[in-house]
Amino acid sequence: MIPSVLPTYNRAPLSFVKGEGSWLIEADGRRFLDLGAGIAVNALGHANPDLVAALTEQAGKLWHVSNLYNIDQQQSLADKLVDNSFADTVFFTNSGTESCELAVKMARKYFYEKGQPERTTIVAFEGSFHGRSSAGIAAAGSEKMTKGFGPLLPGFVHLPWGDHDALREAAAKPDVGAIIVEPVQGEGGIRPLPDQCMKGLRDLCDEHGILLIFDEVQCGVGRTGKLFAHEWAGITPDIMMVAKGIGGGFPLGAVLATENAASGMTAGTHGSTYGGNPLACAVGNKIMDIIADDAFLAEVNRKAALLRQKLEGIVAAHPETLESVRGSGLMLGMKCKATNLDLVKAGYGAAVLLVPAGDNVVRLLPPLNITDEDIAEAASRIDAAATALEQA
């Protein structure tokens, strides 16, 4: 008999009833150090008092009115995002998947309105993850994401990661309108796109009149030590997808765009019933007030260096189990020699939560405000998990 919850998840045998900062408390009272943060969602940890206060205050005033009317909290958050990014305009969604849908629509509508309706093809890359909607799985293209869900949404080509010749050839084709890429691949195994490659992408798009779409759903909102990961390369996209950290645990996403890239999206071309509702935007406003601060981001970088140093030490101490550390900021991955899922399971025994990814990597995506003490404890527990795996 099928469960009442559709069985599409391979869930761990854990059930958490409370969260405090970087910690989750199991129903039986055990405390787990959470280095996944809800897959990079709980940017300020669990039950953050500032976010709780912002949500509670808004909940006592107004929950939902729909986008038939002006929403003050939405306008405030849009202004903050515009003021702190390349963007001129913002559309609010409830998730990264919805942000992907709009990014694809926006790029194609742009060329339609410019009198180039044939430019519908979007170039994407092996190892990518852009959500689980029809556009998202078509953009990713992997068998794991697409098998059994055909016919797939057409208009995507998939290139090997790092194949510059294939990229230059694809960009020159007359039907190509956009390139979509994650500045740091998350699901693909914490693979940062080098700064010079991001600069090259921007130059290539400018050369051929192509729109550049960055998927910063996982790597954005302070995760890499800049508000947005592409800032490290000193370039900007035309369209950017955001979600996860922007809501700090409350469902919220956004598409940020330049005025030019968004020019085709006029009244009636897109919409959302819940997107940008007062509750979500109240939390998003508080997130931006905290994370967009230079001093906060400096602390993210300091803590990232501390965590990475400790992880490098763990890799050196377990050469049969672990291979290397990679990533950017507090978006780190440990490349495994043992099976990554086995290390994740060993982490349960050590009461530390890690997240699996592609390329046999485990992800570490802790809250951005994780304490130094919790970083030290994290290292101790990961070391214990690796030891337990070796002794199993």
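Derivation of every value follows stated rules applied to the coordinates shown; laboratory data play no part. None of the values given here were measured: they were computed from a predicted structure. Positions of Cβ are generated from backbone atoms using ideal geometry, with glycine treated the same way; all protein chains shown enter the neighbour counts.
If you find the alpha carbon centre of the range 120-148 and of the range 341-356, how far apart are they in angstrom?
The distance from the Cα centre of the range 120-148 to that of the range 341-356 comes to 28 Å.
Would you work out if the range 1-136 is rounded, prolate or oblate? Take a ≥ b ≥ c from the square roots of the eigenvalues of the alpha-carbon gyration tensor; rounded if a/c is under 1.5, else prolate when a/b is larger than b/c, oblate otherwise.
Here the range 1-136 falls in the oblate category.
Test of understanding: ordering Met241, Met145, Met198 by Cβ neighbours within 10 Å, fewest first, what list do you get?
Final ranking by Cβ density, sparse to dense: Met145, Met198, Met241.
Taking amide hydrogens as modeled 1.01 Å from N in the peptide plane, which residues meet the under 5 Å criterion relative to Phe125, leaving out close sequence neighbours?
Counting only residues 5 or more places away or on other chains, the set is Leu159.
Taking the Cα centre of the chain as the origin, how large is its charge dipole in debye, to the nearest 20, when only Lys and Arg (+1) and Asp and Glu (-1) carry charge on their Cβ atoms?
That gives the chain a dipole magnitude of about 720 debye.
Using mean Cβ contacts within 10 Å as the protection proxy, how do 225-235, 28-38 order, highest first?
225-235, 28-38
Under 16 Å Cα-Cα from Lys144, which aspartates and glutamates qualify once same-chain neighbours fewer than 8 residues away are excluded?
Lys144 reaches Glu126, Glu187, Asp359.
On a straight-distance basis, which lysines could pair with Lys345 in a cross-link, Cα separation under 19 angstrom, same-chain partners fewer than 8 positions away excluded?
Within reach: Lys335, Lys337.
Please work out whether the range 278-376 counts as rounded, prolate or oblate from its C-alpha gyration tensor, where a ≥ b ≥ c are the square roots of the eigenvalues and a/c under 1.5 means rounded, while otherwise a/b larger than b/c means prolate and anything else oblate?
prolate
Computed from these coordinates, which is Cα extents along the principal axes in Å: (1) 57, 56, 52; (2) 106, 44, 36; (3) 64, 54, 53?
Given (1) 57, 56, 52; (2) 106, 44, 36; (3) 64, 54, 53, the calculated one carries the label (3).
Just tell me which lysines come within less than 23 Å, Cα to Cα, of Lys286; anything on the same chain fewer than 8 places away is out.
Those lysines meeting the cut-off are Lys18, Lys61, Lys80, Lys226, Lys244, Lys303.
Antiparallel as a % of all DSSP beta bridges within the chain, to the nearest 5?
65 percent
Under a point spin-label approximation (7 Å from Cα along Cα-to-Cβ), what is the Ser66-Val52 distance to one decimal in nm?
Result for the modelled spin labels: 3.5 nm.
May I ask for the distance between the Cα centers of the range 248-300 and the range 365-392, given as a whole number of Å?
32 Å
For the ranges 306-318, 330-342, 211-223, what's the packing order if you count other beta-carbon atoms within 10 Å of each residue, average per peptide, and put the highest first?
211-223, 330-342, 306-318
I need Tyr110, Tyr9 ordered by Cβ neighbour count within 10 Å, fewest first.
Least crowded to most crowded, the residues run Tyr9, Tyr110.
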